Amino acid sequence: MSSYADSVLAPGETIVHRAAISHWKFLMSYLVGTLCIAGAIALLVVSRTNTDVPPAAAAAPFVVGVILILVALIRRSTTELVLTDRRIIAKRGFIARDTVEMNLSKIESLHVNQGLIGRMLDYGDVTVVGTGSSLEPLRGVSNPLELRRKLGEIAGKAG
């Protein structure tokens with residue numbers, strides 16, 4: 001299955017950099033999902049020795065845990081931030097898709113916001129500011145300074 005960015009490239013346009021959302025952004029979803037699954041396993045163990053606890057009681061926390069983890073993984077894998085030699089493309093969503101594309105000639109700046117934890121774990125929020133508009137911040141981007149560096153390289157070649 002090809003990515004959205006690959007499907008909308010113009011003839012002769014090449015991808016310079018692909019950014020991904022960091023797994024750290026979904027840490028709480030992973031943690032709560034894992035705790036739900038662990039709770040389900042604990043309920044199964046207890047149900048073997050205690051007849052008051054039916055084994056089916058483990059189904060709900062197990063399903064909730066799996067859903068939390070799957071939703072986080074799907075959200076991460078269906079978010080794209082791609083820098084080409086002509087534009088920047090941001091795409092979110094699987095069923096409902098939200099896409100924004102901005103020509104490099106319209107980009108004024110790229111803002112990177114990283115807190116202390118983000119700096120230590122190398123992720124941050126990226127906002128592209130253009131003439132007359134700006135992209136909504138893309139939160140939790142892995143290695144955001146690399147994106148900024150690549151954009152600077154392209155701007156230097158074009159200018």
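The values are calculated or read from the model by the stated rules, or taken from the named source; none is laboratory data. Keep in mind that what you see is a predicted model, and the values were worked out from it rather than measured. Using ideal geometry, Cβ is built from the backbone for each residue, glycine included, and neighbour counts are taken over all protein chains shown.
Do the conditions hold for Thr34, that is, is it in contact (Cβ under 8 Å) with a residue 40 or more places away in the chain, of a type outside the set (Phe, Trp, Tyr) and farther than 20 Å from Asp98 by Cβ?
no
Among Ala10, Ala59, which is the only one that is more than 15 Å from the chain's Cα centre (by Cα), among the small types (Gly, Ala, Ser), over 30 Å from Ala155 (Cα atoms) and not assigned by TED's automatic domain parsing to the domain that holds Asn143?
Unique residue meeting the criteria: Ala59.
Considering only region 22-44, state which residues are hydroxyl-bearing (Ser, Thr, Tyr) and assigned to a helix (DSSP H, G or I).
Listed by number, the residues that qualify are Ser29, Tyr30, Thr34.
State all residues of region 139-157 that are surrounded by 15 or more Cβ atoms within 10 Å (Cβ to Cβ) and among the charged types (D, E, K, R); if no residue qualifies, say none.
Result: Arg139, Arg148, Lys150.
Kindly evaluate Leu81 against the criterion of being within 17 Å of the chain's Cα centre (by Cα), more than 24 Å from Val128 (Cα to Cα) and crowded, with 19+ Cβ neighbours inside 10 Å.
no
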